[in-house]
Structures are given as C-alpha cells and as structure tokens.
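The values are calculated or read from the model by the stated rules, or taken from the named source; none is laboratory data. Just so we're clear, the structure is a prediction, and the values are computed from it rather than from any experiment. Neighbour counts are summed over all protein chains in view; Cβ atoms, including those assigned to glycine, are modelled from backbone coordinates with ideal geometry.
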Amino acid sequence: MYSEEDPNKNAKETNQNPLPSSSDTNKTESPDPKTKKQEPKYNSPWKGNIPVDHLRTLLVTPEQMKDTQKSDLFWLDNLKLGVSVRPRFESRENPDFNKKTDDYSSFVGQNTQLWFLFDPSPYYAIKVTFQDSRLWGGSQTPQNAGNWTYGLSTGAGTTLTPTTSNNTNIRNNTDIREAYIVFKKTDKLPVSVLVGRQVFAFGDLKIVGPLNWLHTGFAFDGVRFVHDSQWFRSHVFGTILSNQYDAPYGLTTSNGRSKGSIDQAYFFGAYNTIKFGEEAHLDLYAFGVSKKWIPNPNPTDFDDRLKQRDDLLTTGFRFTNRTNNNLLPAGKIWDWTIESAWQSGMTGDRVKADWDILDQKAANGKNIYTEKVQYDTRFLSLDTGIKVNDWIRLGLGYTYASGDPNRSDSKVGTWQSLFPQIAGSFPNWNTMNGQSLIAGFENIKSYSIRANLKTEYGMFVFAIYDTQKANLQDAWYKVSGVPNTGASTENYSNDKFSYENSRLGRRLFYQYDFTWIYNYTDSVSIWMGLSLVKAKEAIGNERTNPFASDPDKRYTFDDTSKFFYLMVSASL
C-alpha cells in the first residue's frame, strides 16, 4: 500500500538526492565534471616552522636558526628558497711547538649554500642543497707560465695525459651537499623515510655530526627511517661511504685502491631516544663502519688477505636533562649530560700471537702463530653547568678517549673517531678539546671550565682546557685521527726498560680560549675566536731530546701556539 505523501519529501528535507520519478527511470546521465568534488589545496605546514632536521648544514647561532625556521621570506607557494654565505679568516702560529719550522699560516675560506625545500604534498617532500667551498685566491690560475695575469678560473675538471695512466683528477669546488626525498609518515606509511644524500646530527655531535665548521662538511648517501612520538624517537639508517665500482655510461667513482682511495665501505646504525617527559632523555645508539681491509702492498710477516674486512662497532648511551631541542626546559637552571661509548670488532689485520714468546717462524720467515687484531676502546664525556642568572652560565667538562699502551699487539686500545668532530654544538658552544682544533678525541683526558656571558653586545665564552694523554705510551693525535708521530713522547711497543719509556710525559698542553658571537641582525652573525696554547711535558720532553738522531730535532721546543679566526655567517 503506498502513502499519499510525496515520495521525495524526506530526501528534499535532508538535502539528499530525491528518488527518480517514473519519467526519469529510463534516462542515463553522465556526471558533470564541474560538480565533481575538488580536493582542498595543500598548504605546507612547514611555512613558518621548518623542522630543524632539514637545516642541518647551516652553521648559525640559535637565534639565526629560529629565524630561518620561522621566516616566510622566499616561500613561493610550497617551495622555500634558502641562501647561506659564510666566509672565515683563520691564522695559525706554531701548531707543532717547534721553533725551527716556519709553519705560520693564514687563509680565508668560504662556504656558500643555495638550497630548496619543496613540500607539495602531505605524502612527500624534497630537499636539495648546492654548496660551494673555496679558498680565497685558491681558484685563480696563471693563464700561462710566467704571466702575472690571473683569470678567475675554477680549475675544475679532469686533466688527462694521453697514452699514459697518469690522470690527475681535480675536484670541483661546487657540489651537491644534500639531495633527498622525504616520504612522510601518513596513514600509508608508519614511519618517515629519507632517501638520498643527507646530513646526520645526533646528540652533542661528539660521535656523529655534520662537521659544519669545515668549509666542506659531511653528508651521507643512503636511507634513513625515522619514528617520532611523545615518548620515543628512533633513527635507523644505512649508507654507502665509499664505492669502488664504476657504473656504465660514464658514471664513475673516484674511490678504490686503484685510484688511491679505500675500497667498498658502509656506515649503518640506529640512534634511539627514550623521553622521560621534560625531566630527562636517554639516548641509546649503535653505529657500525664496515670496509674492506686495506692490505700492505709489500707484506712482510703476513699474507695479503683481500677478503678480510675492517668492522668497527660503536655502542653507547647519552643521558641528559636538556630535553628542549638540546636546551633546558623553561624555568630550570642546572643542566647535565653524561655520554659513554665502547668500541669492538676486528680490524681485518693479523699479528704475531701474544702468547708466542718464542716468536716461532716458518721456513719462509713468516710467523707460525698469529691472531686477529681486535678493537677494544672506551669513551666518556661529562658536562654540567648552572645558570647563575639569565645571562651567566658557569660550566665544567671532562672528556676521556682511551689510548693504546702497545700498538704492536693484537688489541687496538685507541678510541677510533668515526668521523672528525672538531666543533661542538650549541647552546653552550662546546668546542670539544678547544677551538684551536689542535687535538682530536683519540688518547685524550681533558678537563675544562667555562663561563658563558650573554649581553646586548653578544655572547662571550671563556674556557680553559687541561689536555692530557689518556695513555702515556700512545701518540698525540690530530683532529683527523692521524697520530702526530714523533711530536710528543711515546713508545709504540711499550718497551718497558727503554729510554723512551723513562721520558714519557702526561700533560700535552693548557689551552685558553676566548670566543665572541654577536647577532648583528636576525639573519647575520659575527664570530671571533682567539686561542693561546701552552705546551707541557709530553711535548716538551720530545722537543728537548738531547739524544735525537737528527740534530735539527734537538732543543727545538717553543711552548706557545696561537690560533685566531673571524667569521661572518649569513642565512636567509
């Protein structure tokens, strides 16, 4: 039985499509494209709030970083254009504490970056950073021999010598520092994924960081998975450090032993943060560096083993109450950070077995009993400070990186810096073992005190470092991790009754640092630093060795070294 009411009444009242009338039942209509529902235009949420993870290549003050993140300048729809220019003058005097060497140097280096951050979709984004690193006056070459006229030539490219294998590769000053795709965490993807060339920055940058203080800096080619929630953050990554193999059609590599570099090498790991609210964060990490072992081209005791690998595993933790992007939460005055790490693995090398005191050899002169060389190192960093008021912070620091008492046995006891980390992170501008960059983290025991003063005329940092050897028999190491062999007292094989062991010194030097950092505008800062380094007995005993075989190495000690820099950092 049908109702006498209009059958389309309820549909009209509820704004639904009415039921078709009998006269419409035989009609078919295609949908009008003009009435099709349009997706709302995507507006990047990064406008005015760029995540700091996409600005890791910039060496700027905290104030500049915030301004760069929040600036709406150069946003073209969902495309952000950024520019950074950073020239720096540096001078060094007597870095080897040897009065008979003329080793004063000064130069101006410059880092220039042009970067694009394109965020067109809730599902992905793209970041590309072009970088030019150069030495003022270092790219100009004479037009021909004997001509004083110089042309502004980059000198870049490849010089080929026909009919010979002597090809000289000259690196271009301009390169791509970053180029990666971000697949964002969405309902389609449970984590964010970054694919391409990218920069890593973990913790206080003591283990892995972008090394922005260098004019070239660091970047890694690989894949990174990122998860971030209220209580947990995780970065898991895998990268290729060195590829020895060429690809077809002119895509070649500059690496490999045949080209004077290392063979295949990889860097991988995980950095995880457990968040205990504003009170503290606990970082747990594990990093691996795996590379083909590089054999001695003229082996003596042991065979060439081309398939051996050098595998270094670094595990550690960092515990801190600087939980607000490495800053103290509002209202707190005391900050502290504890970081410790251990290294294990195999170097890929073999040496005579420690227990073979008879040094037994085969007929070919090689040792019968050998054993693999293992990594066994330690690292510890302690840092604390208190804000006396809003403009004064007083701090203490301690850094320990193990040394090796016997570098000829089957244990590597010297801490292995994965990558040189020579300049520390804000907010306190902790420059590791001093801003003179005269010592790395290997075989170091360093005590420091500092005072940070924030005024209307900029931030002033005063610091004093007492830098000692962790192990007296080991060497004094550069920031690159290379030992300054012969520049301090050491004993390679720990010959206990030798003359060298009787003269071992512990303290390398005292260092006095002064730093001034001034925010000229929101986008421009001026930096100046001065270091005075006074060498002590570990260096002095070697420089005054009366029994040195080379007379020019006797009584050469000059205990004072100086370092100065002046830098301008502009970022838009």
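What the table below lists for this structure:
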item: Residue match in the range 69-87 (condition: touching a strand residue (DSSP E or B) at 6+ places or on another chain (Cβ under 9 Å), crowded, with 19+ Cβ neighbours inside 10 Å, under 24 Å from Lys454 (Cα atoms) and not small (Gly, Ala, Ser)); result: yes
item: Selection within the range 181-200 - hydrophobic (A, V, I, L, M, F, W, C) and either surrounded by fewer than 19 Cβ atoms within 10 Å (Cβ to Cβ) or touching a His at 6+ places or on another chain (Cβ under 6 Å) (or both); result: Ile181, Phe183, Leu189, Val191, Val193, Val195
item: Number of positions in the range 443-456 that are surrounded by fewer than 18 Cβ atoms within 10 Å (Cβ to Cβ) and touching a residue at least 40 places away in the same chain (Cβ under 8 Å); result: 6
item: Condition met for Pro45 (exposed (fewer than 14 other Cβ atoms within 10 Å of the Cβ) and in a loop (DSSP other than H, G, I, E, B)); result: yes
item: Pair list, Cβ < 9 Å and 6+ apart or interchain, from the range 528-546 residues that are within 16 Å of Tyr465 (Cα to Cα) to residues that are charged (D, E, K, R) and part of a helix (DSSP H, G or I); result: Ala535/Arg543
item: Boolean, Gly440 is in contact with a Gly (Cβ under 7 Å, 6 or more places away or on another chain) and free of Cβ contacts under 8 Å to residues at least 60 places away in the same chain; result: yes
item: Qualifying residue in the range 442-450 (condition: over 24 Å from the mean Cα position of the chain (by Cα) and over 23 Å from Leu418 (Cα atoms)); result: yes
item: Total residues in the range 236-258, condition in contact (Cβ under 8 Å) with a residue 40 or more places away in the chain and either over 25 Å from the mean Cα position of the chain (by Cα) or part of a strand (DSSP E or B) (or both); result: 2
item: The range 457-472 residues that are touching a residue at least 40 places away in the same chain (Cβ under 8 Å) and part of a loop (DSSP other than H, G, I, E, B), paired with ones that are surrounded by 22 or more Cβ atoms within 10 Å (Cβ to Cβ) and acidic (Asp, Glu) (beta carbon under 7 Å, 6 or more apart); result: Asn471/Asp404
item: Long-range neighbours under 8 Å by Cβ, at least six apart or interchain, first residue on the phi < 0 side of the Ramachandran plot and of a type outside the set (A, V, I, L, M, F, W, C) within the range 270-284, second surrounded by fewer than 14 Cβ atoms within 10 Å (Cβ to Cβ) and outside any strand (DSSP E or B); result: Lys275/Gln230; Lys275/Trp231; Glu278/Pro329
item: Selection count where residues are more than 21 Å from Val388 (Cβ to Cβ) and part of a strand (DSSP E or B), scope the range 311-333; result: 9
item: Members of the range 98-121 found to be assigned to a strand (DSSP E or B) and of a type outside the set (Phe, Trp, Tyr), listed by number; result: Asn98, Ser105, Ser106, Val108, Gly109, Gln110, Asn111, Thr112, Gln113, Leu114, Leu117
item: Any hit, the range 408-418, residues being surrounded by fewer than 19 Cβ atoms within 10 Å (Cβ to Cβ) and not in a loop (DSSP other than H, G, I, E, B); result: yes
item: Unique match (being among the acidic types (Asp, Glu) and in contact (Cβ under 8 Å) with a residue 24 or more places away in the chain) among Asp187, Asp221; result: Asp221
item: Residue match in the range 363-380 (condition: of a type outside the set (D, E, K, R), touching a residue at least 60 places away in the same chain (Cβ under 8 Å) and buried (at least 18 other Cβ atoms within 10 Å of the Cβ)); result: yes
item: Any hit, the range 227-237, residues being within 30 Å of Glu90 (Cα to Cα), out of contact with any Pro (no Cβ under 6 Å at 6 or more places or on another chain) and among the aromatic types (Phe, Trp, Tyr); result: no
item: Residue that is surrounded by the most Cβ atoms within 10 Å (Cβ to Cβ) [pool: residues in the range 385-407 that are in a loop (DSSP other than H, G, I, E, B) and touching a strand residue (DSSP E or B) at 6+ places or on another chain (Cβ under 7 Å)]; result: Ser402
item: Elements of type strands (runs of 3 or more DSSP E) in the range 127-235, at least 1 residues being at pLDDT 95 or above; result: 174-183, 192-198, 220-228
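Here is a yes/no grid of residues against (1) under 30 Å from Met459 (Cβ atoms); (2) of a type outside the set (Asp, Glu):
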{"position": "Gly486", "(1), (2)": "no, yes"}
{"position": "Asn501", "(1), (2)": "no, yes"}
{"position": "Phe509", "(1), (2)": "yes, yes"}
{"position": "Asp522", "(1), (2)": "yes, no"}
{"position": "Pro551", "(1), (2)": "no, yes"}
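Residues are listed down the side, and each one gets a yes or a no for (1) modelled with pLDDT of 90 or more; (2) closer than 25 Å to Tyr565 by Cβ:
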{"position": "Asp383", "(1), (2)": "yes, yes"}
{"position": "Lys387", "(1), (2)": "yes, no"}
{"position": "Leu394", "(1), (2)": "yes, yes"}
{"position": "Thr399", "(1), (2)": "yes, yes"}
{"position": "Asp404", "(1), (2)": "yes, no"}
{"position": "Arg407", "(1), (2)": "yes, no"}
{"position": "Lys411", "(1), (2)": "yes, no"}
{"position": "Ser425", "(1), (2)": "no, yes"}
{"position": "Trp429", "(1), (2)": "no, yes"}
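Quick grid of which residues meet (1) buried (at least 19 other Cβ atoms within 10 Å of the Cβ); (2) at pLDDT 95 or above; (3) within 26 Å of Asp409 (Cβ to Cβ):
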| position | (1), (2), (3) |
| --- | --- |
| Gly486 | no, no, yes |
| Asp495 | no, no, yes |
| Glu500 | no, no, yes |
| Gln511 | yes, yes, no |
| Ile526 | no, yes, no |
| Lys534 | no, yes, no |
| Thr560 | no, yes, no |
| Leu566 | no, yes, no |
